[in-house]
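The values are calculated or read from the model by the stated rules, or taken from the named source; none is laboratory data. What you see is a predicted model; the values in this text were computed from it and never measured. Glycine also receives a Cβ, built like all others from the backbone with ideal geometry; neighbour counts cover every protein chain displayed.
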Amino acid sequence: KQEVTQIPAALSVPEGENLVLNCSFTDSAIYNLQWFRQDPGKGLTSLLLIQSSQREQTSGRLNASLDKSSGRSTLYIAASQPGDSATYLCAVGGTASKLTFGTGTRLQVTL
Amino acid sequence: ETGVTQSPTHLIKTRGQQVTLRCSSQSGHNTVSWYQQALGQGPQFIFQYYREEENGRGNFPPRFSGLQFPNYSSELNVNALELDDSALYLCASSLARSQETQYFGPGTRLLVL
């Protein structure tokens, strides 16, 4: 059974800092890994999708890496802004497009 | 905006009642998945529909059932509601069963009293 863990559970950084969110998974037989953002009480916004054959994906200030063999992914956020404050969820794609989610990292970027 | 809509946005029911939640997928997306997200947790996979047939199910009892229609809409039905069913219910649509990006709707928040 796939299990996904995200560390840290919560993080507070001052504006402008670069930061890294971590995600680990127990079963390396994955199809892809997706990072999402969730604002309080809202749905999920897809940030980056990394296919199992890829090592990383970039979008603007975001960079996600994937190391399937070690069961790890990181989400790097450059030059953080208050608008980045949200919960970030990592989800591993398995069979039948089923996503297994971690419990998320709650990020607060302070002025 | 993902193009995925859900209704209603909020719902209050009492234990033992039945509820139907609705989702409208992005046009052309033939796969829809439903997830349950309890407070402070990550979403849990309920089931997936592909071309109107169930295509995978998570660890949820049979009182959770669904339908997918040819017009890209779908329903999640929950019978005999329990207090623990209180959660945010999310639907996600994608282009195919294969590993494409899943686009999530805003969710329906269900409270069972």
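Within the option set A:SER73, A:SER28, being surrounded by 13 or more Cβ atoms within 10 Å (Cβ to Cβ) and at pLDDT 95 or above holds for one residue only, A:SER73.
Could you tell me whether B:GLY66 is among the small types (Gly, Ala, Ser), surrounded by 13 or more Cβ atoms within 10 Å (Cβ to Cβ) and in a loop (DSSP other than H, G, I, E, B)?
Details: among the small types (Gly, Ala, Ser): yes; surrounded by 13 or more Cβ atoms within 10 Å (Cβ to Cβ): yes; in a loop (DSSP other than H, G, I, E, B): no.
So B:GLY66 does not fit the description; no.
Kindly check whether there is at least one residue in segment B:90-104 that is in contact (Cβ under 8 Å) with a residue 60 or more places away in the chain, touching a helix residue (DSSP H, G or I) at 6+ places or on another chain (Cβ under 9 Å), outside any loop (DSSP other than H, G, I, E, B) and away from chain A (no Cβ under 14 Å). The answer is no, given that none of the residues of segment B:90-104 is in contact (Cβ under 8 Å) with a residue 60 or more places away in the chain, touching a helix residue (DSSP H, G or I) at 6+ places or on another chain (Cβ under 9 Å), outside any loop (DSSP other than H, G, I, E, B) and away from chain A (no Cβ under 14 Å).
Quick grid of which residues meet (1) exposed (fewer than 14 other Cβ atoms within 10 Å of the Cβ); (2) modelled with pLDDT under 95; (3) polar (S, T, N, Q):
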{"residue": "A:VAL4", "(1), (2), (3)": "no, no, no"}
{"residue": "A:ILE7", "(1), (2), (3)": "yes, yes, no"}
{"residue": "A:VAL20", "(1), (2), (3)": "yes, no, no"}
{"residue": "A:SER24", "(1), (2), (3)": "no, no, yes"}
{"residue": "A:LYS42", "(1), (2), (3)": "no, yes, no"}
{"residue": "A:SER46", "(1), (2), (3)": "no, yes, yes"}
{"residue": "A:SER59", "(1), (2), (3)": "yes, no, yes"}
{"residue": "A:LEU62", "(1), (2), (3)": "no, no, no"}
{"residue": "A:GLY83", "(1), (2), (3)": "yes, no, no"}
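Exactly one residue among B:GLN44, B:GLN6 is under 25 Å from A:SER52 (Cβ atoms) and within 14 Å of chain A (Cβ to nearest Cβ), and that residue is B:GLN44.
Taking segment A:1-96 as the region of interest, the strands (runs of 3 or more DSSP E) fully inside it that hold 1 or more residues being within 14 Å of chain B (Cβ to nearest Cβ) are A:4-7, A:10-14, A:19-25, A:32-38, A:44-51, A:56-59, A:62-67, A:86-93.
Residue check: is B:LEU76 crowded, with 16+ Cβ neighbours inside 10 Å and out of contact with any helix residue (DSSP H, G or I) (no Cβ under 8 Å at 6 or more places or on another chain)? Here the answer is yes, as B:LEU76 does meet what is asked.
Take B:LEU81 and tell me if it is assigned to a loop (DSSP other than H, G, I, E, B) and at pLDDT below 95. Quick ask: steps written out before the conclusion?
On the way: assigned to a loop (DSSP other than H, G, I, E, B): yes; at pLDDT below 95: no.
Here the answer is no, as B:LEU81 does not meet what is asked.
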